[in-house]
Amino acid sequence: MPLSSVPANKFKRLSEELCAYIEDEGLSIRPYSSELLPYFHQLTDESKDEVVATLNDYLNICKSVYAEGRQLKDAEFFTLKALEYYKFEASPALFKILKNPKFITEFYSFKNTQFFRTLNFFEVTSYTIEDIYCRQWIHLYEREEKVAAHVYEVVTKMVEGKGEDNYFFTEKNILKERASLERVEMVINGLHISALKHQGQITALASCVDCEPIFNLPTEEED
C-alpha cells in the first residue's frame, strides 16, 4: 500500500465509524461525497495527520460517553466529556448554557476548523464528515457582513486576551451554507462565544448556538 494512501484510508474508516454512531442515535450524515476524498487530499501531509488525529479524538469522546451508559444525544454530558478529554478550563457561563438543550455546542481551533460538536449539530447541516474536518468554517458558512465583522472583532479580542472570556450575541441573523448542494439556511437567535483554556492559556473557542433551520418549501408551480 502506498504510504500516501494510509492517512486517507484511516480517515475513510474513522468517518464511516462516526456515521454509524450517528445513525445509531437516529440521525443520518454522509462520511464523504466521493471516495476520492478531494478535500482531504488537498491538505498538506501534516494537516492530513492532524485531521485523522482530531477525528479519532472525537470518536474517543463518543466511546467515553457510551462507556458510562449514556447517549450522545445528552448534549450536556457529551460536552462535559469533551472538556474533560481535552483538559479544557471553561467559564461558569458556558456550564450554565450547557444545561439548555436547545443550544448546539461546538469547539473551534484557531485554524477556523471545528473539532467538536454536540449531536444536534447534525440535525441542521447537510455537509459530510469530510467537509466538516477538512474545510475551514469560513469556507462552509456565510452570514451578513456586519454580523460577521462583529463576531470577528469579538473573537480576535478574546484570543488576544484583550476582551472578556465570554460574549453573547443577541442580534438575530441568517447563517447559510455556502458550499453545499442543499444550501441549508438557519435563523440564529443567539450565539455565545466562550474561551477554552488549557493551563491558563486560551487554546480554543466554544460556540453555543440557538438556531432554527429554514425550510424552503416548493411553491404550487414547482409541485
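The values are calculated or read from the model by the stated rules, or taken from the named source; none is laboratory data. In this text the structure is predicted, and so the values were computed from the model without any measurement. With ideal geometry, Cβ positions are generated from the backbone for all residues, glycine too; neighbour counts draw on all protein chains shown. In case anyone asks, the SASA skips ligands and DNA or RNA and just uses the protein heavy atoms, side chains included. Shrake-Rupley method; radii C 1.70, N 1.55, O 1.52, S 1.80 Å.
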What size of dipole, in debye to the nearest 20, comes out for the chain about its Cα centre when the only charges are +1 on Lys and Arg C-beta atoms and -1 on Asp and Glu C-beta atoms?
800 debye
Convex hull (Cα only) mean projected area of the chain, reported in nm² to one decimal:
14.3 nm²
Tell me the carbon and sulfur percent of the accessible area for region 100-223, rounded to whole percent, probe radius 1.4 Å.
51 percent
So who's got an amide H within less than 5 Å of the one on Leu196, skipping anything under 5 residues away but keeping other chains? H placed 1.01 Å off N, in plane.
Thr203, Ala204, Leu205, Ala206
For the chain: accessible area per residue (Å², 1.4 Å):
55 Å²
For region 125-223, what class follows from the C-alpha gyration tensor (a ≥ b ≥ c being the square roots of its eigenvalues): rounded when a/c is under 1.5, otherwise prolate if a/b is larger than b/c, else oblate?
prolate
Loop sites in region 71-113: chymotrypsin sites (Phe, Trp or Tyr not before Pro), DSSP, at most 11 other Cβ within 10 Å
Phe110
Computed over the Cα atoms of region 81-147, the Rg and Dmax in Å are 13.3, 36
If you build the convex hull over the alpha carbons only and average its shadow over all orientations, what do you get for region 25-119? Give it in nm² to one decimal.
7.4 nm²
How charged is the neighbourhood of His192? Take every other residue with its Cβ under 15 Å from the Cβ of His192, and add Lys/Arg as +1 and Asp/Glu as -1.
-1
For the chain, what relative contact order do you get, as a whole percent, if you take Cα pairs closer than 8 Å and at least 6 residues apart?
19 percent
Say the dipole of region 130-223 comes from +1 at the beta carbon of Lys and Arg and -1 at that of Asp and Glu; which of Met158, Gly200, Val187 then lies farthest toward its positive end?
Gly200
Loop-located GluC sites (Glu not before Pro) in region 4-105 whose Cβ has at most 11 other Cβ within 10 Å (DSSP)
Glu35, Glu68
If you average the C-alpha positions of region 145-212 and of region 63-86 separately, how far apart do those two centres end up, in angstrom?
23 Å
Say the cut-off is 28 Å between C-alpha atoms; which of Lys12/Lys146; Lys63/Lys111; Lys99/Lys172; Lys87/Lys176 go over it?
Lys12/Lys146; Lys87/Lys176
Measuring from label point to label point, each 7 Å out along Cα→Cβ, what is the Glu164 to His41 span in nm?
4.8 nm
Hey, can you grab everything whose amide H is under 5 Å from the amide H of Asn100? Only 5+ residues off in sequence or another chain; H modelled, so Pro and N-termini drop out.
none
Report, by chain and number, residues whose modeled amide H sits under 5 Å from the one on Cys211, excluding near sequence neighbours (fewer than 5 apart, same chain).
Ile104, Asn189
